[in-house]
Amino acid sequence: MKAPRSKTACADEISTNFVRNIIAEDLRSAKHARLVTRFPPEPNGYLHVGHAKAIYLNFGLAEEFEGEAYMRLDDTNPLTEDHAYVTSILEDVHWLGGRWGNRLTYASDYFEQLYTYAEEMIEDGKAYVDSAPVDMIRQYRGKWGSPGCPTPDRNRSPADSLELFRRMRAGEFAEGAYVLRARIDMSSPNMNMRDPVLYRIRHVPHQQTGNNWCIYPLYDFTHPISDALEGISHSLCTLEFQGHRPLYEWVLGSLRSPPAVPPPRQIEVSRLNLHYTVLSKRRLVRLVEEGHVDGWDDPRMPTIAGMRRRGYPPSSLQLFCERTGISKEDKNIDMSVLEDCVRECLDDKAPRAMAVLRPLKVTVTNWPEGHQESLPAPVHPKDASRGQRSLTMVRELYIESDDFMLDPPTKFFRLAPGREVRLRNSYAIKCEEVLFGPDGRTPVELRCSYDPATRQGKGRKIKGVVHWVPAEPSLCVPISVRLWDRLFLRPVPGASYGEQELPTTSTLEEGTLPTQEECLLPEAEAAGPVDYIADFNPASREDVAGFGERSLVDAMPGQQYQFERLGYFAADPKDSAPESLVFNRVVTLRDTWQKLTATKS
């Protein structure tokens, strides 16, 4: 796996990538002997496309600089974590090319060491046990621009705090009775430095340690120490952690015996904001739990599992990460950028096939009854080495229903009464008669004639080309197709903005890092009030039943194709089988969304 490096960027842009430059200088100056990075997701949900950027950054830079990358599960909150999430995270990272060797770790691996450091900090007067309730802690922390004030327990002696902390570990107290807080500065302009909580009580089994612990460290305490214990040289994170960097450095500077010298260096980069979706685990959890989608791997979801199931190749996500770049500038990326990367990667890879999703029957009246003719077609038009596939022309065919109009506009170059069109890789046909259904208005069959002199492009020039499949059951296969579209109707779901006032990161999300108050509350109480569900796209899934050419019978789960003239499709890895083929639309052949929304507006 290579570090994200845009193929479209010029050499100067590449050379000024600030993260790469910082690392190169630190290694050149011997500040750090070797690059060691880590990817530390919390196992409280599935990874999404924003995590893909972090995966490529951490693992890619480690490979580029011949260093190491740790795969660490930040499992400090047993209320929201599950081993199923651990499994999915490891599968996703491996699928994207991340390789960690023997460097798979868990924050819970360090619980005993973290506890020892906490006791030392209490003894050194740098931490204290506080019995103040959550509301008082929140109130006493003050507000931005005005100082906080100490709770009554801030002056508790180290000896008393140490005794209470040990009793907390022994399980003597109920949840919320006590917390361990750092003693820093209640008047600091940085709210994160106003005596943040380091430990809280949770009488909940842990997915790794079982019932061994009933007190759990918070992220701001766990993360810097875990980095130091693993010898991380550069701790790469997103911009919402920038305000936490002073606390990161304070924790490491407060340890009696630092486990790493020099300490890890935290560097923040912009996070990824992708239009027409949400990249917050809390919001994704709600979509799943309320049944708006069919699980974390629903192909509409921006999760890596959903994109993999939909048919995105991993190379498309890497290309996307390269093109969006690495900077400190907030970026709101349109979904079309990601979709273009998918098209680019699939164009060279995907074999071609023909399928009809909304069939309209065509009878070629001058084609001999029972006659079949084999017609060669390339597996891939840009790669002759991949060989040919065989199509079979017969008397009865299916074409796409929207390739026919009774009263077409001027620039409609497909089939209509009295008009001629070329069947792809076959003959030209002309519509002679239209048969209607019981309502007298809906066409159910077209009776056409074919011109034998036009076989596979021969003869006169014909502008319109349509795809088709033989209607003979032995020559085609029935397919179920799921047409996926964007998950939300607006670029920023739940936001209120003018046409030229797209919000930045700070207004889009509260960030993945919870506030100190949220760490003390049940997860549901901290979810936030934004009703982004109102922008959910009810047409984001459409199921259709059609027919495909016979070659599709061999489609393996996950295999991608270009259905000619329709888009890129992939056999669903969970639901598709040879006896019941199910295809997901990966992406259309071109971006039709912007044209559609522009027309509507």
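The values are calculated or read from the model by the stated rules, or taken from the named source; none is laboratory data. Just so you know, these numbers come straight off a predicted model, no measurement behind them. Because the Cβ atoms are built from the backbone with ideal geometry, glycine has one as well, and the counts that use them run over all protein chains shown.
PRO443 - would you say it is out of contact with any helix residue (DSSP H, G or I) (no Cβ under 7 Å at 6 or more places or on another chain) and either exposed (fewer than 12 other Cβ atoms within 10 Å of the Cβ) or closer than 26 Å to TYR312 by Cα (or both)? For PRO443, the condition - out of contact with any helix residue (DSSP H, G or I) (no Cβ under 7 Å at 6 or more places or on another chain) and either exposed (fewer than 12 other Cβ atoms within 10 Å of the Cβ) or closer than 26 Å to TYR312 by Cα (or both) - is not met. Of the residues in segment 128-165, how many are among the aliphatic types (A, V, I, L, M) and within 39 Å of the chain's Cα centre (by Cα)? Of the residues in that region, 3 qualify.
If you check GLU509, GLU517, GLU501 for being crowded, with 18+ Cβ neighbours inside 10 Å and at pLDDT below 50, only one passes: GLU509. Total residues in segment 461-483 satisfying the condition of being within 19 Å of VAL394 (Cβ to Cβ), of a type outside the set (Phe, Trp, Tyr) and under 36 Å from the mean Cα position of the chain (by Cα): the figure is 7. Pairs meeting the criteria (first residue in segment 395-417 and in contact (Cβ under 8 Å) with a residue 40 or more places away in the chain, second residue part of a helix (DSSP H, G or I), beta carbons under 7 Å, at least 6 apart or on different chains) are ARG414/ASP403; LEU415/ASP403. Can you tell me which residue is nearest to ASP26 (Cα to Cα) among those in segment 228-243 that are in a helix (DSSP H, G or I) and modelled with pLDDT of 95 or more? In this case the residue turns out to be ALA228. One residue stands out in segment 203-227 among those that are of a type outside the set (Gly, Ala, Ser) and part of a strand (DSSP E or B): the one that is farthest from CYS149 (Cα to Cα), namely HIS206. Of everything in segment 373-385 that is in contact with a Lys or Arg (Cβ under 9 Å, 6 or more places away or on another chain) and part of a loop (DSSP other than H, G, I, E, B), the residue that is surrounded by the fewest Cβ atoms within 10 Å (Cβ to Cβ) is PRO381. Residue count for segment 182-213 satisfying the condition of being surrounded by 14 or more Cβ atoms within 10 Å (Cβ to Cβ) and farther than 17 Å from PHE111 by Cα: 13.
Among ARG34, ARG72, which is modelled with pLDDT of 95 or more and assigned to a strand (DSSP E or B)?
From the options ARG34, ARG72, the qualifying one is ARG72.
Inspect segment 445-462 for any residue being part of a strand (DSSP E or B), touching a residue at least 12 places away in the same chain (Cβ under 8 Å), among the charged types (D, E, K, R) and in contact with a Ser or Thr (Cβ under 6 Å, 6 or more places away or on another chain) and give the result as yes or no. Checking segment 445-462: at least one residue is part of a strand (DSSP E or B), touching a residue at least 12 places away in the same chain (Cβ under 8 Å), among the charged types (D, E, K, R) and in contact with a Ser or Thr (Cβ under 6 Å, 6 or more places away or on another chain). Count of segment 42-61 residues, restricted to those that are in contact with a strand residue (DSSP E or B) (Cβ under 7 Å, 6 or more places away or on another chain) and of a type outside the set (Phe, Trp, Tyr), is 11.
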